[in-house]
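Engineer: The structure under discussion is supplied below as structure tokens; questions concerning it will follow.
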Amino acid sequence: MKFTEEHNEIRRTMAQVIEKEINPYVEQWEEEGIFPAHDLFKKLGNLGLLGVAKPVSYGGLGLDYSYEALVAEELGAIHCGSIPMAIGVQTNMATPALARYGSDELRKEFLTPAIAGDQVASIAVSEPGAGSDVASIKTEARKDGDDYVINGSKMWITNSTQADFLCVLANTSDDARHINKSLIIVPTNTPGVEVSPRLNKLGMRSSDTAQIFFDDVRVPQRFRIGAEGQGFTMQMQQFQEERLFCVASILKTLDLCVSETADYCYERKAFGKPLLDNQYLHYRLAELQTETEIVRAALYQAVEQYVEGEDVTKLASMLKLKTGRLAREVTDGCLQFWGGMGYMWDNKVSRFYRDSRLMSIGGGADEVMLGIICKYLGLLPGQKRG
Amino acid sequence: MSLFYFNEEHQAVRETARRFTEKEITPFIDEWEESGGIPRELFLKAGEAGLLGMGYDEQYGGTPGDIFHAIAINEELMRAGSGGVVAGLQSLNIGLPPVHRWGSDTLKARIIPEVLAGSKIACLAITEPGAGSDVAGLRTRAEQVTVDGKPFYKVNGSKMFITSGVIADYYTVAVRTGGEGFGGISLLLIEKDIKGFSVGKNLKKMGWWASDTAELFFDDCLVPAENLIGQENQGFYCIMSNFQPERISLAVMANTTSEVALNACLEYVKDRSTFGKTLKDHQIIRHKLAVMASKLEASREFTYRIAARYQAGEDVSMEVSMAKNIATDTSDHITYQATQIFGGMGFMRESVVERLYRDNRILAIGGGTYEIMNEVIAKNLGL
Ligand SMILES: Cc1cc2nc3c(=O)[nH]c(=O)nc-3n(C[C@H](O)[C@H](O)[C@H](O)COP(=O)(O)OP(=O)(O)OC[C@H]3O[C@@H](n4cnc5c(N)ncnc54)[C@H](O)[C@@H]3O)c2cc1C
Ligand SMILES: Cc1cc2nc3c(=O)[nH]c(=O)nc-3n(C[C@H](O)[C@H](O)[C@H](O)COP(=O)(O)OP(=O)(O)OC[C@H]3O[C@@H](n4cnc5c(N)ncnc54)[C@H](O)[C@@H]3O)c2cc1C
């Protein structure tokens, strides 16, 4: 991938926001278990950073996905995993389908304020009984006159205690499981929407995660994104961007873990020399950085293909799988080299160790990625070879 | 040759510890984890149940026992699923043995009975902000002085990451009494509330929340010379030999962490279903569990074997290091896989595997890191 001056410019813009508006507050937000989504998103929205690859007519910058990926990569410089995730939900998880398939009216009503940072969005797919197996969700949107009446529950929804609207996947008919679903925008102030208190988690402490309940929630059918019954397909497509985002947004974090660990081990002495002078330590750090670079190269390749309009589901899934595992390896390996300091709660590497554990679970767990990869490689039972 | 490491007596102690855990620990775990410590009464109750004095002389209120008594107790306490409770409640197991083995009779008679009864709490303080792995590099100074005609050590320096450091009454502290290196180190028993000794706040850490961890500060702190444990400048040897049972016990904690995580998974995969099957019916999940169980079995057997050889008086410092690394490799693997198998629930505070994942991470760092264990092993291989 070739980066132009515009690429570098937008990267710098993001870097400046992180330095001025985000990193100085991360400790406080982590401690409080929440961050001010509206406040922060407005700042990002003012700079166009929430709509990099979104259409200009709705306030986006109208750039191609390579810019979006680069901004995502810059987000990895944030000193926790929560904020990149929250921003990613807004830009790459809850709104891609809306931007691509939503009616003009729907986009004006929801996409424009999401890009401007006036409204916070969540993606609501997972349910208490269905995470990996998206097709088996139970939430139902029944037609009633011009409306849908929604009942059911969504589990572990990021941004949801602050969200203005949810992009909900629901069953809209009794047809077969892959053609009976629709994506529907549900404003959170609709009567019957209830959000649980924030859930207590291993990591991602400043990101709010909650369960959502729908009790006869009535929204107009025009809030549906695209054609009825296309929801599953649109969600699978939307997952591509989600996965590319997940990968892009953790690379700088991994760089940072390696470099700060190297700095620490350079300063700290034991047995009469810097820790870093132990061969095992410097080789191990070199190995971890090597793997990170290889993922980065593959990511750039996937982004390039995606920009060209190719279906990159296979490569995006491979990248998500590999990066989730690598994130654990890098953070675990680096944490070890901080000794007892690595076990302290506020240590950055320790935080990334906890935060990044999510990567192999959320947005399609490793095993789900492997299932998709199998399918693309024609390895599943019943798939013909040759 | 007996195929079992635990005889009837060991089983009886195990039974006591199991009942104690079920009644006195498990119901309160969540509360203690969140509040960041265990109540002092728990020490009293454990003392009363005879769980603190195993392996100590009867004249000090102990009960004769060997390392398998300690292992049985450790395993049962760990089944409550909190490494912090075990580390906190058992900090005496690293703090008291030096007193027991090398302390003067007066010191022993004064200190040990109270600690075994649970009315006083003991801990071990070796690590410093500037010296952890490199024990011989510690800098806390103790100088001999005479005050009002009595001999004292005047101690200056600080200690870091001390388990039970906040609540303890007795601190077995490594200090520098002589020159540089391992030959200048001694152990002193330092008591809470003496002038010049202060304790920092409970450090916030990734796991082991039910045990407090503190930094200790010594500022011209006067410690009576009779509190010297063993001979002056012989402390390094005491510390190293004290590490052997500590490392075995950390290996046992790792193995039991693995066991609790594995059992939680074995239950979870029976109920949860995806893609029209229960998780256990996906081959990947079954094989993951098979590997987890195999690793645990091998690690536990190896730990027992090395404990038995230690008990028999063999020098197994290399094998003890191996056992600790094998056990923590295993528990790293198993707790990681357990959070994976639990999916989103594995990331939630409400699941036991979330805590085990956090608690486990200390085991390859504390009591000698993974890399230091490898250094010990390499040295013993003649390298
Ligand atoms: C902090 C956090 C934030 C989240 N944010 C959101 C959000 O904003 N929106 C949203 O919709 N969801 C969100 N989720 C939910 C997340 O996407 C799901 O947790 C994830 O998809 C896994 O689903 P599950 O938890 O139901 O696990 P399960 O589906 O129950 O899976 C359990 C385990 O079984 C494995 N498994 C499943 N099927 C198979 C198979 N066929 N073969 C072998 N192994 C298999 C899985 O890989 C996993 O290891 C979030 C979760 C967390 C923890
Ligand atoms: C929760 C907790 C409880 C604790 N409880 C106690 C306690 O009760 N009493 C006590 O005295 N201490 C305690 N400790 C301290 C613990 O024993 C030390 O943290 C540990 O020994 C490592 O020392 P360090 O933190 O100084 O790491 P360092 O020694 O700075 O090591 C940093 C990294 O460098 C590696 N390294 C060091 N030397 C080498 C080498 N030669 N070759 C290769 N790699 C090397 C280490 O393996 C480690 O990965 C506790 C720590 C924690 C976190």
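The values are calculated or read from the model by the stated rules, or taken from the named source; none is laboratory data. Everything numeric here is computed off the predicted structure, so don't read it as measured data. Counting neighbours? That spans all protein chains shown, and the Cβs are built from the backbone with ideal geometry, glycine included. To get the accessible areas, we keep the full protein, side chains included, count just its heavy atoms, and leave off ligands, DNA and RNA. Shrake-Rupley method; radii C 1.70, N 1.55, O 1.52, S 1.80 Å.
Engineer: Which one is nearest to the other protein chains (Cβ to nearest Cβ) among residues in the stretch B:108-131 that are touching a residue at least 60 places away in the same chain (Cβ under 8 Å) and not in a helix (DSSP H, G or I)? Even if it seems obvious, please write down each step before you answer.
Structural biologist: Restricting attention to the stretch B:108-131, the residues satisfying the condition of being touching a residue at least 60 places away in the same chain (Cβ under 8 Å) are B:111, B:115-119, B:121, B:124-126, B:129.
Going one step further and asking which of them are not in a helix (DSSP H, G or I), we end up with B:118-119, B:121, B:124-126, B:129.
Values: B:G118: 27, B:S119: 30, B:I121: 21, B:L124: 14, B:A125: 13, B:I126: 11, B:P129: 9 Å.
If we take residues in the stretch B:108-131 being touching a residue at least 60 places away in the same chain (Cβ under 8 Å) and not in a helix (DSSP H, G or I), then B:P129 is nearest to the other protein chains (Cβ to nearest Cβ).
Engineer: Could you run through the stretch B:347-375 and say how many residues are aliphatic (A, V, I, L, M), more than 7 Å from chain A (Cβ to nearest Cβ) and over 16 Å from B:S82 (Cα atoms)?
Structural biologist: Total meeting the criteria: 2.
Engineer: Any residue that is assigned to a loop (DSSP other than H, G, I, E, B), surrounded by 23 or more Cβ atoms within 10 Å (Cβ to Cβ) and not assigned by TED's automatic domain parsing to the domain that holds B:T303 - is there at least one of those in the stretch B:2-16?
Structural biologist: No: zero hits.
Engineer: While we're here: From the residues in the stretch B:132-148 that are closer than 14 Å to B:V223 by Cα and surrounded by fewer than 21 Cβ atoms within 10 Å (Cβ to Cβ), which one is farthest from the other protein chains (Cβ to nearest Cβ)? First the steps, then the outcome.
Structural biologist: Taking the stretch B:132-148 and keeping what is closer than 14 Å to B:V223 by Cα, we get B:140-148.
Applying the additional criterion that residues be surrounded by fewer than 21 Cβ atoms within 10 Å (Cβ to Cβ) yields B:141, B:143-148.
Working: B:R141: 19, B:E143: 24, B:Q144: 27, B:V145: 30, B:T146: 35, B:V147: 35, B:D148: 39 Å.
It comes out as B:D148.
Engineer: If you don't mind, there's one more thing I want to ask. Looking only at strands (runs of 3 or more DSSP E) that fall completely inside the stretch B:178-255, which ones have 2 or more residues that are surrounded by 23 or more Cβ atoms within 10 Å (Cβ to Cβ)?
Structural biologist: Once the strands (runs of 3 or more DSSP E) in the stretch B:178-255 are filtered for at least 2 residues that are surrounded by 23 or more Cβ atoms within 10 Å (Cβ to Cβ), what remains is B:185-191, B:213-224.
Engineer: Something else about it: Which of the residues belonging to the stretch B:117-131 are under 16 Å from B:G235 (Cα atoms) and among the polar types (S, T, N, Q)?
Structural biologist: Residue satisfying the conditions is B:T127 alone.
Engineer: Another question about this same structure. Collect the residues in the stretch B:323-346 that are within 14 Å of ligand 1 (Cβ to nearest atom) and at the interface with chain A (Cβ under 8 Å from one of its Cβ atoms), keeping them in residue-number order.
Structural biologist: Listed by number, the residues that qualify are B:Y336, B:T339, B:Q340, B:G343, B:G344, B:G346.
Engineer: Do we find that B:Y60 is touching a residue at least 40 places away in the same chain (Cβ under 8 Å), of a type in the set (F, W, Y) and crowded, with 21+ Cβ neighbours inside 10 Å in this structure? Please lay out each step first, then the result.
Structural biologist: Values: touching a residue at least 40 places away in the same chain (Cβ under 8 Å): yes; of a type in the set (F, W, Y): yes; crowded, with 21+ Cβ neighbours inside 10 Å: no.
No; evaluated as a whole, the condition is false for this residue.
Engineer: Here is a check on your reading of the model: is A:S136 at pLDDT 95 or above, surrounded by fewer than 18 Cβ atoms within 10 Å (Cβ to Cβ) and within 14 Å of chain B (Cβ to nearest Cβ)?
Structural biologist: For A:S136, the condition - at pLDDT 95 or above, surrounded by fewer than 18 Cβ atoms within 10 Å (Cβ to Cβ) and within 14 Å of chain B (Cβ to nearest Cβ) - is met.
Engineer: Between residues in the stretch B:33-48 that are within 14 Å of B:L92 (Cα to Cα) and residues that are open to solvent by 20 Å² or more (accessible area, probe 1.4 Å) and not β-branched (V, I, T), which pairs lie under 6 Å by C-beta distance while being six or more apart or on different chains?
Structural biologist: The qualifying pairs are B:G47/B:A117.
Engineer: Take the residues in the stretch A:342-359 that are open to solvent by less than 10 Å² (accessible area, probe 1.4 Å), facing another protein chain (nearest Cβ under 8 Å) and among the charged types (D, E, K, R), then tell me which one is farthest from ligand 1 (Cβ to nearest atom).
Structural biologist: Among residues in the stretch A:342-359 that are open to solvent by less than 10 Å² (accessible area, probe 1.4 Å), facing another protein chain (nearest Cβ under 8 Å) and among the charged types (D, E, K, R), the one farthest from ligand 1 (Cβ to nearest atom) is A:R354.
Engineer: When the residues of the stretch B:80-89 are filtered to those that are under 13 Å from B:D359 (Cβ atoms) and more than 14 Å from chain A (Cβ to nearest Cβ), which remaining residue is farthest from ligand 1 (Cβ to nearest atom)? Talk me through it step by step, then tell me what you get.
Structural biologist: In the first step, residues of the stretch B:80-89 are kept if they are under 13 Å from B:D359 (Cβ atoms); the result is B:80-88.
Next cut, more than 14 Å from chain A (Cβ to nearest Cβ) only: B:80-82, B:85-86, B:88.
Numbers: B:A80: 25, B:G81: 20, B:S82: 22, B:V85: 26, B:V86: 28, B:G88: 29 Å.
This residue is B:G88.
Engineer: So, B:D66, is that one away from ligand 1 (no atom under 16 Å from the Cβ) and in contact with a His (Cβ under 8 Å, 6 or more places away or on another chain) or not?
Structural biologist: It is false that B:D66 is away from ligand 1 (no atom under 16 Å from the Cβ) and in contact with a His (Cβ under 8 Å, 6 or more places away or on another chain).
Engineer: Quick check, is A:P220 assigned by TED's automatic domain parsing to the domain that holds A:G145 and under 23 Å from the mean Cα position of the chain (by Cα)?
Structural biologist: The answer is no for A:P220.
Engineer: Then there's this: Anything in the stretch A:330-346 that is part of a loop (DSSP other than H, G, I, E, B) and either among the aromatic types (F, W, Y) or touching a helix residue (DSSP H, G or I) at 6+ places or on another chain (Cβ under 6 Å) (or both)? List them, or say none. Walk me through it before giving the result.
Structural biologist: Pass one, the stretch A:330-346, residues part of a loop (DSSP other than H, G, I, E, B): A:338, A:345-346.
Listed by number, the residues that qualify are A:W338, A:W345.
Engineer: Scan the stretch A:320-333 and tell me whether some residue there is more than 16 Å from ligand 1 (Cβ to nearest atom) and touching a strand residue (DSSP E or B) at 6+ places or on another chain (Cβ under 7 Å).
Structural biologist: Checking the stretch A:320-333: not a single residue is more than 16 Å from ligand 1 (Cβ to nearest atom) and touching a strand residue (DSSP E or B) at 6+ places or on another chain (Cβ under 7 Å).
Engineer: Here's a follow-up. Which of (1) under 15 Å from B:F218 (Cα atoms); (2) within 16 Å of ligand 2 (Cβ to nearest atom); (3) open to solvent by 50 Å² or more (accessible area, probe 1.4 Å) is the odd one out, the single condition B:M160 does not satisfy?
Structural biologist: (3)
Engineer: Restricting to the stretch B:311-337, name every residue that is assigned to a helix (DSSP H, G or I) and β-branched (V, I, T).
Structural biologist: Matches in the stretch B:311-337: B:V320, B:I326, B:T328, B:T330, B:I334, B:T335.
Engineer: If the requirement is being open to solvent by less than 60 Å² (accessible area, probe 1.4 Å) and within 14 Å of ligand 1 (Cβ to nearest atom), which of these qualifies: A:G339, A:G362?
Structural biologist: Only one candidate passes the filter, namely A:G362.
Engineer: Out of the stretch B:91-107, which residues are in contact with a helix residue (DSSP H, G or I) (Cβ under 9 Å, 6 or more places away or on another chain), open to solvent by 30 Å² or more (accessible area, probe 1.4 Å) and in a helix (DSSP H, G or I)?
Structural biologist: Scanning the stretch B:91-107 gives B:N93, B:I94, B:H100, B:R101, B:W102, B:T106.
Engineer: Considering each residue of the stretch A:198-226, count those that are open to solvent by 30 Å² or more (accessible area, probe 1.4 Å) and within 15 Å of ligand 1 (Cβ to nearest atom), and give that number.
Structural biologist: Let us first name the residues in the stretch A:198-226 that are open to solvent by 30 Å² or more (accessible area, probe 1.4 Å), namely A:198-200, A:205, A:211, A:213, A:215-216, A:218, A:220-222, A:224.
Restricting the remaining residues to those that are within 15 Å of ligand 1 (Cβ to nearest atom) gives A:198-200, A:205, A:211, A:213.
Total meeting the criteria: 6.
Engineer: On to the next question. Check whether at least one residue in the stretch B:338-352 is open to solvent by less than 40 Å² (accessible area, probe 1.4 Å), within 16 Å of ligand 2 (Cβ to nearest atom) and at pLDDT 95 or above, and report yes or no.
Structural biologist: The answer is no; no qualifying residue exists.
Engineer: It is to be established whether one or more residues within the stretch B:101-112 are within 30 Å of A:W338 (Cβ to Cβ) and in contact with a Gly (Cβ under 9 Å, 6 or more places away or on another chain).
Structural biologist: no
Engineer: Could you tell me how many of the residues in the stretch B:315-329 are open to solvent by 10 Å² or more (accessible area, probe 1.4 Å) and among the hydroxyl-bearing types (S, T, Y)?
Structural biologist: Total satisfying the criteria: 1.
Engineer: Considering only the stretch B:193-200, I want to know if a residue exists there that is among the hydroxyl-bearing types (S, T, Y), away from chain A (no Cβ under 14 Å) and free of Cβ contacts under 8 Å to residues at least 40 places away in the same chain. Give the steps one after another, and end with the answer.
Structural biologist: Residues of the stretch B:193-200 among the hydroxyl-bearing types (S, T, Y): B:198.
With away from chain A (no Cβ under 14 Å) added as a condition, the list becomes B:198.
Okay, now just the ones that are also free of Cβ contacts under 8 Å to residues at least 40 places away in the same chain, so B:198.
Yes, the stretch B:193-200 has at least one match.
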